[in-house]
Amino acid sequence: QVQLVESGGGLVQAGESLRLSCAASGHTLSGYAMGWFRQAPGKEREFVGGINWSGSNTYYADAVKGRFTISRDNAKNTVYLQMNSLKPEDTAIYYCAARWTNWATRRADYSYWGQGTQVTVSS
C-alpha cells in the first residue's frame with residue numbers, strides 16, 4: 001500500500017512560485033509513475049502533469065506547460081511539482097497520485113492518492 005502526503009501549498013501572489021512535494025510511505029515509489037492533478041471549487045479534478053517511474057519522461061497539460069515542472073527523487077521517495085509564474089486560475093487543491101510504471105492522464109488510471117494541498121493565487 002502506497003501512502004502519499006502532499007505539502008508545500010499556500011497563498012501566493014500572481015507571478016510567484018511554489019514547490020509542492022509528495023512524499024510516499026509504506027512502499028517505495030520506485031517503479032511507480034506519478035501524476036499531479038488539481039481541483040478548483042465547482043470543477044472536475046483535472047490532470048496537471050505526470051512523470052514516469054524513472055523520471056526520464058514527463059508530460060504536462062497545456063494550461064501549465066512551460067510554467068510547471070515535475071521531478072522526482074526516488075532515493076527520498078518524493079516527487080515534486082515546481083510551479084512558476086502562478087496565475088489566479090491555478091488556484092485549486094493539488095493532489096499527487098501513483099500508478100505502476102508510466103503516467104496516465106485519467107484519474108481512474110491511478111491507484112493511490114494523497115489528501116491534497118491547497119494552492120491559492122491572488123491577483
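The values are calculated or read from the model by the stated rules, or taken from the named source; none is laboratory data. All figures in this text were calculated on a predicted structure; none of them were measured in a lab. Methodologically, a virtual Cβ is constructed for each residue, glycine included, from the backbone with ideal geometry; neighbour enumeration extends over all protein chains shown. The protein model used for the area step is the full one, side chains on, heavy atoms only, and it has no ligands, DNA or RNA in it. Shrake-Rupley method; radii C 1.70, N 1.55, O 1.52, S 1.80 Å.
See the values below:
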item	result
Where ALA63 falls short, out of the listed (1) surrounded by 14 or more Cβ atoms within 10 Å (Cβ to Cβ); (2) under 23 Å from VAL2 (Cβ atoms); (3) free of Cβ contacts under 8 Å to residues at least 40 places away in the same chain	(2)
Odd one out for VAL79 among (1) over 16 Å from SER30 (Cβ atoms); (2) in contact (Cβ under 8 Å) with a residue 40 or more places away in the chain; (3) buried (at least 16 other Cβ atoms within 10 Å of the Cβ)	(1)
Unmet requirement for SER21, which otherwise passes all of (1) of a type in the set (S, T, N, Q); (2) part of a strand (DSSP E or B); (3) open to solvent by 40 Å² or more (accessible area, probe 1.4 Å)	(3)
Residue check for GLY55: assigned to a loop (DSSP other than H, G, I, E, B) and surrounded by 13 or more Cβ atoms within 10 Å (Cβ to Cβ)	yes
Residue check for LEU29: farther than 22 Å from TYR112 by Cα, part of a loop (DSSP other than H, G, I, E, B) and open to solvent by less than 30 Å² (accessible area, probe 1.4 Å)	no
Residue selected from the range 4-28 under the condition polar (S, T, N, Q) and at pLDDT 95 or above, by the criterion nearest to THR101 (Cα to Cα)	SER21
Identity of the residue in the range 106-122, outside any strand (DSSP E or B) and open to solvent by 70 Å² or more (accessible area, probe 1.4 Å), that ends up farthest from TYR60 (Cα to Cα)	GLN115
Condition met for VAL2 (farther than 20 Å from ALA92 by Cα and open to solvent by less than 20 Å² (accessible area, probe 1.4 Å))	yes
Failed condition for THR101, given (1) closer than 24 Å to GLY10 by Cβ; (2) in contact (Cβ under 8 Å) with a residue 40 or more places away in the chain	(1)
